[in-house]
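Asks: There's a structure below that I have some questions on.
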Amino acid sequence: MLTDKVALITGAASGIGLAMSQAFREAGCKVVMADVNEEALTREAEKLDALAICADLSLEVECKRLAEVAIEEYGGVDILINVAGIQKVVPIEDFPVDTWDFMIRLMLNAPFYLTKYCWPSMKERGWGRIIHLNSIHGLVASEFKSAYVTAKHGLTGLTKVSALEGGPYGITVNSICPAYVRTPLVDKQIADQAATHGIGEDEVIEKIMLQKASIKKLLEPKTVADVALFLCSDSASQITGITLPIDGGWISA
Ligand SMILES: NC(=O)c1ccc[n+]([C@@H]2O[C@H](COP(=O)([O-])OP(=O)(O)OC[C@H]3O[C@@H](n4cnc5c(N)ncnc54)[C@H](O)[C@@H]3O)[C@@H](O)[C@H]2O)c1
């Protein structure tokens with residue numbers, strides 16, 4: 001059913017974005033992989049026979065260029081998956097203002113710009129799927145993650161508004177909200193916390209990161225990609241506007 005659909009995936013050089021690219025390629029999509037890390041992007045895109053577009057998505061002009069090139073190369077975009085993001089764990093009073101600005105631009109403005117610039121192509125085709133790689137932090141907060149939690153809560157709002165506007169045109173928009181996923185972004189956090197607290201990495205995962213979850217196990221990127229595939233399937237054609245937790249029971253507590 002996804003054969004020959006065009007999927008534009010950001011943050012595609014690593015972690016969840018890379019797993020998404022692999023999964024959608026295997027499902028028969030033409031995949032456009034976008035990332036700022038040119039070396040890793042080129043290497044991974046070559047393996048998947050996907051189109052690589054290097055772009056700094058913290059800039060509006062680059063988001064616009066990305067959508068335009070993808071549409072020009074493949075005649076349109078059917079599926080947009082916004083994944084690119086970073087994390088910064090610092091108390092508010094010490095939080096660098098330029099980092100705050102960068103994170104909001106990359107993790108909230110870019111998904112809006114890409115939605116806006118891919119929208120006419122989806123509307124024209126009468127079919128579109130937009131998925132934001134949100135987070136459990138789009139639904140609940142943790143201390144010291146002000147920019148991250150704010151950007152992700154913003155995505156929750158964007159998901160709902162664009163779902164309302166997209167319905168008449170066959171465009172669905174959903175957010176996936178994972179707890180911790182085993183990726184380079186999280187591996188670094190685990191190592192930092194282990195050093196800070198003088199405890200083992202397994203203990204960091206169980207007692208600090210997944211303290212609020214009932215299933216104390218990191219998610220694998222492929223699991224998140226499989227959920228995205230489901231949201232693009234015919235079975236999910238009436239699911240729109242949701243923020244879907246994959247959180248091992250975290251927010252049930
Ligand atoms: N890993 C987790 O536990 C977890 C949990 C919930 C949500 N998420 C979300 O998933 C997304 C991906 O996280 P990940 O864990 O795969 O991280 P990752 O670090 O493995 O991958 C992030 C990718 O984004 C790219 N990127 C960073 N800045 C960019 C920019 N300016 N322009 C374009 N690309 C840029 C990086 O180069 C990298 O390839 C993020 O939005 C994150 O918030 C991750």
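Asks: For the range 113-135, give me each residue that is hydrophobic (A, V, I, L, M, F, W, C) and either farther than 20 Å from Thr10 by Cβ or more than 13 Å from the chain's Cα centre (by Cα) (or both).
Replies: Correct list: Cys118, Trp119, Met122, Trp127.
Asks: Here's a follow-up. Any residue at all in the range 143-160 that is within 25 Å of Glu68 (Cβ to Cβ) and of a type outside the set (A, V, I, L, M, F, W, C)?
Replies: yes
Asks: Hey, can you tell me all the residues within the range 138-149 that are in contact (Cβ under 8 Å) with a residue 24 or more places away in the chain and either away from the ligand (no atom under 12 Å from the Cβ) or within 19 Å of Leu218 (Cα to Cα) (or both)?
Replies: Across the range 138-149, the qualifying residues are Gly138, Leu139, Val140, Glu143, Phe144, Ser146.
Asks: Would you confirm, using the coordinates I've provided, whether Ala55 is open to solvent by less than 20 Å² (accessible area, probe 1.4 Å), of a type in the set (A, V, I, L, M), within 28 Å of Ala179 (Cβ to Cβ) and modelled with pLDDT of 95 or more?
Replies: It is false that Ala55 is open to solvent by less than 20 Å² (accessible area, probe 1.4 Å), of a type in the set (A, V, I, L, M), within 28 Å of Ala179 (Cβ to Cβ) and modelled with pLDDT of 95 or more.
Asks: Quick one: Glu38 ticks every box in (1) farther than 14 Å from Val69 by Cα; (2) within 10 Å of the ligand (Cβ to nearest atom); (3) in contact (Cβ under 8 Å) with a residue 40 or more places away in the chain; (4) touching a strand residue (DSSP E or B) at 6+ places or on another chain (Cβ under 7 Å) bar one, so which box is it?
Replies: Condition (3) is where Glu38 drops out.
Asks: Also: Checking Met107 against (1) free of Cβ contacts under 8 Å to residues at least 24 places away in the same chain; (2) within 14 Å of the ligand (Cβ to nearest atom); (3) not basic (Lys, Arg), which single condition isn't satisfied?
Replies: (1)
Asks: Then there's this: For the range 142-253, give me every one of the helices (runs of 4 or more DSSP H) that falls completely inside it and has 2 or more residues that are modelled with pLDDT of 95 or more.
Replies: The qualifying helices (runs of 4 or more DSSP H) are 146-166, 221-231.
Asks: Given the residues Ala70, Ala7, which is the only one that is more than 25 Å from Ser135 (Cα to Cα) and small (Gly, Ala, Ser)?
Replies: Ala70
Asks: While we're on this one: Residue check: is Ala7 within 14 Å of the ligand (Cβ to nearest atom) and small (Gly, Ala, Ser)?
Replies: no
Asks: Same structure again: Criterion first (among the hydroxyl-bearing types (Ser, Thr, Tyr), surrounded by fewer than 17 Cβ atoms within 10 Å (Cβ to Cβ) and modelled with pLDDT of 95 or more) does Thr115 satisfy it?
Replies: It is false that Thr115 is among the hydroxyl-bearing types (Ser, Thr, Tyr), surrounded by fewer than 17 Cβ atoms within 10 Å (Cβ to Cβ) and modelled with pLDDT of 95 or more.
Asks: Which of the residues spanning the range 1-16 are open to solvent by 10 Å² or more (accessible area, probe 1.4 Å), over 15 Å from Cys232 (Cβ atoms) and polar (S, T, N, Q)?
Replies: The one that is open to solvent by 10 Å² or more (accessible area, probe 1.4 Å), over 15 Å from Cys232 (Cβ atoms) and polar (S, T, N, Q): Ser14.
Asks: Check the range 121-131 and report whether any residue there is away from the ligand (no atom under 15 Å from the Cβ), open to solvent by less than 20 Å² (accessible area, probe 1.4 Å) and in a helix (DSSP H, G or I).
Replies: So far as the range 121-131 goes, yes, one or more of its residues are away from the ligand (no atom under 15 Å from the Cβ), open to solvent by less than 20 Å² (accessible area, probe 1.4 Å) and in a helix (DSSP H, G or I).
Asks: Of the residues that sit in the range 150-172 and are hydrophobic (A, V, I, L, M, F, W, C) and buried (at least 19 other Cβ atoms within 10 Å of the Cβ), which one is farthest from Phe95 (Cα to Cα)?
Replies: Per the stated criteria, the residue is Ile171.
Asks: Okay, moving on. Could you grab me the full set of residues in the range 221-237 that are in contact (Cβ under 8 Å) with a residue 60 or more places away in the chain and more than 17 Å from Lys5 (Cβ to Cβ)?
Replies: If the condition is that a residue be in contact (Cβ under 8 Å) with a residue 60 or more places away in the chain and more than 17 Å from Lys5 (Cβ to Cβ), then Pro221, Lys222, Val224 are the ones that fit.
Asks: Within the range 1-89, which helices (runs of 4 or more DSSP H) (wholly inside it) include 1 or more residues that are under 21 Å from Leu155 (Cβ atoms) and over 15 Å from the mean Cα position of the chain (by Cα)?
Replies: Because the criterion is at least 1 residues that are under 21 Å from Leu155 (Cβ atoms) and over 15 Å from the mean Cα position of the chain (by Cα), the helices (runs of 4 or more DSSP H) in the range 1-89 that meet it are 60-74.
The values are calculated or read from the model by the stated rules, or taken from the named source; none is laboratory data. These numbers were taken from a predicted model, which means no experiment stands behind them. So basically every Cβ, Gly included, is an ideal-geometry build from the backbone, and we count neighbours across all protein chains shown. Note: accessible area is taken over every heavy atom of the protein model, side chains too, but ligands, DNA and RNA are not part of it. Shrake-Rupley method; radii C 1.70, N 1.55, O 1.52, S 1.80 Å.
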